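Colleague: Got a structure for you, written out below as structure tokens; questions coming shortly.
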């Protein structure tokens, strides 16, 4: 057993004597090393190690061979094994998610279901030191704050079950050394050799440049930064929770089924680092997830503190934020209960790699159509909108980026509706596609002049709407 890995597990309170742990094992070097370390540690801590393998149905015979490899290893070492099969490409197409997003959701759900089934204390994933560094850099490049700066955490939880990453402080080279010393073979996923995915491009192109020409300890330093950000993030969350609890008790903040509010004077008196923290604690009181609430959305709410009365911004999940005379109010749009969810009118499809040429041909046909604004399918640069795409109904203050005199400007959506002969009452019931604070498409009426597909676009997103006028 590698002493550093054993120490990391103990220092982070990942496992206790007698725990049952579900290990996610794909057959790759990382997961095979993790499985080996857990089974070695089980001799000292009496752990019950069980393996779950998820076959995503993406790589055909290669994926089946991976499953057979893991199954055989477990049988030879008397480790309980189970597998889950899923048609991830079909699920991704149906839900409008990328293969990575759909696969991750299926994998995590399967792991936690297995953990609940066996009363496991933890689910173990095999992310390593480089994975954490890559995640930190990706998050920073996408505009993340301190929470994203923490990257992957060594321990988190879901429904009372720990999610642990025993190899998070271990380099890939050390992992391969451990496997070599133990005589353990592993499989190589061919998709890891492709440059179609952003993470692979970082791993194969950017990180060798950073470690070779900037600093050989670049990965280590990024991970040290991540740990610092994790500590800061935890401190901000704890402090923000104390502020909010006190505000709720004093009446400076209030919560109901349809809205939450907090005193502007209170927010103005806080350290700037605490304001986003308090807002992030308020929003989940109206919605079960913060997944699509980005730094941009939080910033748009904080901007309301110094804005004029009645200024409104839109948020995911049918939420809005409003500045009243003395409060910031976050509420649920009443239209959400009167109309079908805006997203129910839309379907999305993504094109990358070899499929990109097909999308380009469709775009060219669309551009050749003089009435193209009325077409019910549009294409956008997914590389720029993948973190902020949502569907909802229009809100006061909405704008759409359009070219005016050769300059990209923000035009009021209500004005676009008026020019199209649509009353304000009618406009409220027309679903729109939104990226961040921008309306990017009013189906059947106008698409924005930003987020267009260019020669540099790697992934194209096709959005179709069955609500077209």
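The values are calculated or read from the model by the stated rules, or taken from the named source; none is laboratory data. From a predicted model like this one, the values you see are computed outputs, not experimental measurements. Note: ideal-geometry Cβ built from the backbone for every residue, glycine included; neighbour counts use all protein chains shown.
Colleague: Identify the single condition in (1) closer than 25 Å to residue 103 by Cα; (2) in contact with a helix residue (DSSP H, G or I) (Cβ under 8 Å, 6 or more places away or on another chain); (3) exposed (fewer than 13 other Cβ atoms within 10 Å of the Cβ) that residue 166 does not satisfy, given that it satisfies every other one.
Modeller: (3) is the only condition that residue 166 fails.
Colleague: To continue, here is another question. Condition (residue is surrounded by 21 or more Cβ atoms within 10 Å (Cβ to Cβ) and assigned to a loop (DSSP other than H, G, I, E, B)) applied to region 413-424: is it met by at least one residue?
Modeller: Within region 413-424 (the criterion being surrounded by 21 or more Cβ atoms within 10 Å (Cβ to Cβ) and assigned to a loop (DSSP other than H, G, I, E, B)), the answer is no, since none of the residues qualifies.
Colleague: Filter region 454-466 down to the residues that are closer than 12 Å to residue 363 by Cβ and at pLDDT below 85, then identify the one that is surrounded by the most Cβ atoms within 10 Å (Cβ to Cβ). Don't jump to the end; show me each part of the working.
Modeller: Taking region 454-466 as the starting set, the residues that turn out to be closer than 12 Å to residue 363 by Cβ are 454, 457, 460-462.
With the extra rule that they be at pLDDT below 85, the set shrinks to 454, 457.
On the way: 454: 9, 457: 21.
For region 454-466, the residue satisfying everything is 457.
Colleague: Among all residue pairs at least 6 apart or on different chains, which show Cβ distances below 7 Å where the first residue, located in region 345-368, is farther than 21 Å from residue 90 by Cβ and the second is surrounded by 12 or more Cβ atoms within 10 Å (Cβ to Cβ) and modelled with pLDDT under 80?
Modeller: Correct list of pairs: 345/467; 366/372; 366/375.
Colleague: Another one. Here are some residues: 173, 157. Which one is part of a strand (DSSP E or B), without any contact (Cβ under 8 Å) to a residue 12 or more places away in the chain, surrounded by fewer than 21 Cβ atoms within 10 Å (Cβ to Cβ) and out of contact with any helix residue (DSSP H, G or I) (no Cβ under 6 Å at 6 or more places or on another chain)? Walk me through how you get there before you give the answer.
Modeller: Numbers: 173 fails: part of a strand (DSSP E or B).
So the residue among 173, 157 that is part of a strand (DSSP E or B), without any contact (Cβ under 8 Å) to a residue 12 or more places away in the chain, surrounded by fewer than 21 Cβ atoms within 10 Å (Cβ to Cβ) and out of contact with any helix residue (DSSP H, G or I) (no Cβ under 6 Å at 6 or more places or on another chain) is 157.
Colleague: How many residues, within region 200-217, are closer than 27 Å to residue 100 by Cα and without any contact (Cβ under 8 Å) to a residue 24 or more places away in the chain?
Modeller: Our first condition is that a residue be closer than 27 Å to residue 100 by Cα; within region 200-217, this holds for 200-211.
Still in the running and without any contact (Cβ under 8 Å) to a residue 24 or more places away in the chain: 200-201, 204-205, 208-211.
The qualifying residues number 8.
Colleague: Right, something else. Which residue, of 267, 304, is in contact with a helix residue (DSSP H, G or I) (Cβ under 8 Å, 6 or more places away or on another chain) and crowded, with 19+ Cβ neighbours inside 10 Å?
Modeller: Working: 304 fails: in contact with a helix residue (DSSP H, G or I) (Cβ under 8 Å, 6 or more places away or on another chain).
Every option except 267 fails the conditions.
Colleague: So, in region 1-24, exactly how many residues are touching a residue at least 60 places away in the same chain (Cβ under 8 Å) and outside any helix (DSSP H, G or I)? Steps first, answer last, please.
Modeller: Going through region 1-24, the residues touching a residue at least 60 places away in the same chain (Cβ under 8 Å) turn out to be 2, 4-5, 8-9, 12-16, 19-24.
Those left that are additionally outside any helix (DSSP H, G or I): 2, 12-16, 19-24.
Residues flagged as touching a residue at least 60 places away in the same chain (Cβ under 8 Å) and outside any helix (DSSP H, G or I) within region 1-24 amount to 12.
Colleague: Checking residue 57 against (1) under 23 Å from residue 117 (Cα atoms); (2) touching a strand residue (DSSP E or B) at 6+ places or on another chain (Cβ under 7 Å), which test does it fail?
Modeller: In the conditions (1) under 23 Å from residue 117 (Cα atoms); (2) touching a strand residue (DSSP E or B) at 6+ places or on another chain (Cβ under 7 Å), residue 57 misses (1) alone.
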